[in-house]
1. Could you list, in sequence order, all residues of the range B:168-184 that are among the aliphatic types (A, V, I, L, M) and assigned to a helix (DSSP H, G or I)?
2. Collect the residues in the range A:175-204 that are facing chain B (nearest Cβ under 9 Å) and over 19 Å from the mean Cα position of the chain (by Cα), keeping them in residue-number order.
3. Considering only the range B:202-250, how many residues are over 21 Å from B:D83 (Cβ atoms), of a type outside the set (V, I, T) and either facing another protein chain (nearest Cβ under 8 Å) or touching a strand residue (DSSP E or B) at 6+ places or on another chain (Cβ under 8 Å) (or both)?
4. Looking at A:A254, A:A197, A:A221, A:A207, can you tell me which residue is small (G, A, S) and either within 27 Å of B:V248 (Cα to Cα) or touching a strand residue (DSSP E or B) at 6+ places or on another chain (Cβ under 8 Å) (or both)?
5. What's the number of the condition B:G137 fails, among (1) without any contact (Cβ under 8 Å) to a residue 60 or more places away in the chain; (2) crowded, with 23+ Cβ neighbours inside 10 Å?
6. Go through (1) crowded, with 16+ Cβ neighbours inside 10 Å; (2) among the aliphatic types (A, V, I, L, M); (3) not in a helix (DSSP H, G or I) one by one and return the number of the condition B:A149 breaks.
7. If a residue has to be surrounded by fewer than 24 Cβ atoms within 10 Å (Cβ to Cβ) and under 18 Å from A:E170 (Cα atoms) to count, how many in the range B:215-249 make the cut?
8. Taking the conditions exactly as written (in contact with a helix residue (DSSP H, G or I) (Cβ under 8 Å, 6 or more places away or on another chain) and either at negative phi or of a type outside the set (A, V, I, L, M, F, W, C) (or both)), does A:L227 satisfy them or not?
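What follows is calculated from the coordinates using simple rules that are stated; it is not laboratory data. From a predicted model like this one, the values you see are computed outputs, not experimental measurements. Cβ: placed from backbone, ideal geometry, glycine included. Neighbour counts: every protein chain shown.
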Amino acid sequence: MADQRITVVTGGASGIGRGAAMRQAGGGDLVVIADINQADAESTLADIVADGGQAVFKPCDVADDAQVSELFEAIEQDHGPIDVLINSAGLLQNPMPIEETTMDDYDRVHAVNVRGLYVCCREITPRMRERRRGVILNIASNTSLRAFPLPTYGPGKSAVMALTEILAAELGPYYVRVNAVAPTACLTPPLQARIDAGERDYDMIVANNAIPRMLLPEDVAEGIFFLCSDRAKAITGVTLPVDYGWQVWLSYRAYPS
Amino acid sequence: MADQRLTVITGAARGIGETTARRFVKGDDKVVIGDVLDDVGPETVATIEAAGGSAAYYTLDVTDETSVNGFIDQVEQDHGPIDVFINNAGIMQDGLTIEEFPMADHDRVWNVDYRGVYLCCRAVVPRMKARKQGVIGNVASLFGIRPYAVTAYSPAKTAVIALTQILAAECGPYNVRVNSVSPGYVHTPQMQDRFDQGIRKMDTMVKDAALGCMTEMQDVAEAFWFLCSDRAKAITGTNLPVDCGVLVATPYNAYPK
């Protein structure tokens, strides 16, 4: 199809990235899953194809500048201009005070969540700018907006929100839109693993939301799908919470008696 | 149709409300318009019905508690439970300093733009809570997010955003969602009149937007359509700017040498 959109999802093999890849493919996009995890990527690819969608897998570690550069070059050579970039590759951290974090962990999380996202944007913006067309969607977090005991992960997600706003202003004159979503705790494989290990409590996470439901990747994917569609053509520079009301619930519930 | 959604939109005889009404009709909702514009409202309904849609008009003055309560009683009596309620009725003010702007005008702005929203929410919330189902959408404003030289309108819209968050928390446990949309500079017929009269200038509004355009009424309607749909079931308590990037472009472009 000549006018099929090409959507790249970093970290698209699992979690929110997988949800976004499935939803975009369901909407008719050709989806490129860029991820380090080949096994998960292949399983997501199979699910997309089984649903009648189209997707390909390109191995890529966003923490490696050269791989990112090659990724975008290869995609555009093989498939044509990228219309949508969804920056979903990310790592979590466990809650702890700052002095208990190791700088190795800090560097690893920062290299993917902040620097990796930055490099992906830096590779795609000249292309989109020149074509005067494109959408970038970043995965921020509720920790972008409020304090959590996540001194490594949290500020990095605040930085994602700040970069989203800067790039939206910078690229607006070229009709390129840049937005983010801010999910609360979402039932992704790393969260599920922590719940299974007894480190997190499913019911307590749900009780933190105004609407007491567990956020699923497909819920986040719907917000992403809308923001990346032409229906949102007047929306740029926003960070949309997709959180079952987490953000408003915490202070409301904490009102002292 | 037994499961046709019933959507109520205040101030929808014309402008953004009317466009939103038409969007919801297109999505197969039955739409009830409440407005003070008795000369325009019935005509809007007539054109919707002529095109095969389902709509009704009622006189509603959101500044009058009796009118609001009577309206909601009557609508539910005539059409059944309200599924979606959009608080769109609002008035603008001229850009004047605090001492220049008469208190009578100040009170009028607050009565319509905030107290009217409060009254309508107060009347519809218990019904939605009892049914454990419903969505409320409020028209906030870019001016409610940042301070602009409209000393009544801007704080009133900030109050709408605050109320949206409080009600989202209050109603979340009842599965009722509450969100707001913050339009930027919208190209309404009323705004076009002001351009024609030389009171406002389109050039400056366009220059302030990252995307270099004005928000169209349809853009706002699409945002409400998404937020009020089940695809946004995980989204409550948010305020979504639909501003062509004015929020991000204003500081970005103001960066001094």
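1. Those that are among the aliphatic types (A, V, I, L, M) and assigned to a helix (DSSP H, G or I): B:A168, B:A169.
2. Listed by number, the list holds a single entry, A:Y175.
3. Narrowing the range B:202-250 to residues over 21 Å from B:D83 (Cβ atoms): B:202-219, B:239, B:241-250.
After this cut, where a residue has to be of a type outside the set (V, I, T) as well, the list is B:202-203, B:205, B:207-214, B:216-219, B:239, B:241, B:243-245, B:247, B:249.
Applying the additional criterion that residues be either facing another protein chain (nearest Cβ under 8 Å) or touching a strand residue (DSSP E or B) at 6+ places or on another chain (Cβ under 8 Å) (or both) yields B:209-214, B:216-217, B:219, B:239, B:241, B:243-245, B:247, B:249.
So the answer is 16.
4. Values: A:A254 fails: either within 27 Å of B:V248 (Cα to Cα) or touching a strand residue (DSSP E or B) at 6+ places or on another chain (Cβ under 8 Å) (or both); A:A197 fails: either within 27 Å of B:V248 (Cα to Cα) or touching a strand residue (DSSP E or B) at 6+ places or on another chain (Cβ under 8 Å) (or both); A:A207 fails: either within 27 Å of B:V248 (Cα to Cα) or touching a strand residue (DSSP E or B) at 6+ places or on another chain (Cβ under 8 Å) (or both).
Among A:A254, A:A197, A:A221, A:A207, only A:A221 is small (G, A, S) and either within 27 Å of B:V248 (Cα to Cα) or touching a strand residue (DSSP E or B) at 6+ places or on another chain (Cβ under 8 Å) (or both).
5. (1)
6. Result: B:A149 passes all but (1).
7. Residues in the range B:215-249 being surrounded by fewer than 24 Cβ atoms within 10 Å (Cβ to Cβ) and under 18 Å from A:E170 (Cα atoms): 0 in total.
8. So A:L227 fails the test.
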